[in-house]
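K.L.:
I have a structure I would like to understand better, so I am pasting it below and will then ask my questions one at a time.
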Amino acid sequence: MRHDGRLSRMLHVLIHMDKRGGKTTSETIALMLGTNPVVVRRTMAPLKHAGLVTSDGGAGGGWSLARAIHGVTVREVYEALGSPAALAINVAVDHKTCPVEQAVVARLGAVFQRTEEFMLERMGEVTLGALAAHVNQADQPDYQ
């Protein structure tokens with residue numbers, strides 16, 4: 001099963017953008033992520049729509065943070081990306097009339113719901129600034 005790594009990748013990018021200051025081109029972000037600028041623009045678009053980044057086209061253009069990272073939570077980035085599935089497991093409903101399946105679905109569904117609520121609550125408590133505080137400046141690559 002393929003996992004959705006957009007959240008961690010975008011957190012990575014946003015923190016780099018903060019550390020760099022100014023504008024960051026799609027080409028530079030593509031180097032950070034080992035991808036191409038088209039994928040970067042497609043992935044950054046929802047962040048722009050959510051008001052987390054801005055973009056300027058043309059010569060001298062690029063992506064900029066719309067807000068200070070100390071005021072942006074992981075949950076905001078997660079939600080801007082469309083709230084990708086956080087759990088790789090889910091309940092299966094193959095035999096709706098089976099009482100065993102009904103019990104399993106009801107109990108597991110409740111557990112998964114509480115797990116997601118807890119995760120979202122915690123994500124809302126962690127800012128990008130708090131994540132960035134754990135970055136050792138000396139270890140940070142200089143993407144050109």
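K.L.:
Please give the number of the condition Val100 fails out of (1) modelled with pLDDT under 95; (2) surrounded by 14 or more Cβ atoms within 10 Å (Cβ to Cβ).
P.N.:
(2)
K.L.:
Next up: Going by the structure shown, is Asp18 more than 19 Å from Leu120 (Cβ to Cβ), under 19 Å from the mean Cα position of the chain (by Cα) and modelled with pLDDT of 90 or more? Even if it seems obvious, please write down each step before you answer.
P.N.:
Working: more than 19 Å from Leu120 (Cβ to Cβ): yes; under 19 Å from the mean Cα position of the chain (by Cα): yes; modelled with pLDDT of 90 or more: yes.
Yes, satisfied.
K.L.:
Scan Phe118, Phe112 and give me the residue that is part of a helix (DSSP H, G or I) and at pLDDT below 90. Reasoning before the result, please.
P.N.:
Working: Phe118 fails: at pLDDT below 90.
Going through Phe118, Phe112 in turn, the sole match is Phe112.
K.L.:
Let me ask something else about it. For the range 88-96, indicate whether the set of residues that are touching a helix residue (DSSP H, G or I) at 6+ places or on another chain (Cβ under 9 Å), at negative phi and surrounded by 13 or more Cβ atoms within 10 Å (Cβ to Cβ) is non-empty.
P.N.:
Checking the range 88-96: at least one residue is touching a helix residue (DSSP H, G or I) at 6+ places or on another chain (Cβ under 9 Å), at negative phi and surrounded by 13 or more Cβ atoms within 10 Å (Cβ to Cβ).
K.L.:
Going through the range 1-54 one residue at a time, which ones are surrounded by 16 or more Cβ atoms within 10 Å (Cβ to Cβ), hydroxyl-bearing (Ser, Thr, Tyr) and in a helix (DSSP H, G or I)?
P.N.:
Selection gives Ser26, Thr28, Thr43.
K.L.:
Going through the range 59-70 one residue at a time, which ones are assigned to a loop (DSSP other than H, G, I, E, B) and among the aliphatic types (A, V, I, L, M)? Please lay out each step first, then the result.
P.N.:
Of the residues in the range 59-70, the ones assigned to a loop (DSSP other than H, G, I, E, B) are 59-61, 66-68.
Selection gives Ala59, Ala66, Ala68.
K.L.:
So which of Gly82, Gly62 is on the phi > 0 side of the Ramachandran plot, touching a residue at least 12 places away in the same chain (Cβ under 8 Å) and surrounded by 12 or more Cβ atoms within 10 Å (Cβ to Cβ)? Lay out the reasoning, then the answer.
P.N.:
Numbers: Gly82 fails: surrounded by 12 or more Cβ atoms within 10 Å (Cβ to Cβ).
Answer to the selection: Gly62.
K.L.:
Of all residues in the range 71-96, how many are of a type outside the set (A, V, I, L, M, F, W, C) and part of a loop (DSSP other than H, G, I, E, B)?
P.N.:
Step one: filter the range 71-96 for residues of a type outside the set (A, V, I, L, M, F, W, C), giving 71, 73, 75-76, 78-79, 82-84, 90, 94-96.
So of that shortlist, the ones also part of a loop (DSSP other than H, G, I, E, B) come out as 82-84, 90, 94-96.
Summing the residues that are of a type outside the set (A, V, I, L, M, F, W, C) and part of a loop (DSSP other than H, G, I, E, B) in the range 71-96 gives 7.
The values are calculated or read from the model by the stated rules, or taken from the named source; none is laboratory data. Please read all numbers here as calculations on a predicted model, not as lab measurements. Don't worry about glycine lacking a Cβ; one is built from the backbone with ideal geometry, like all the others, and counts go over all protein chains shown.
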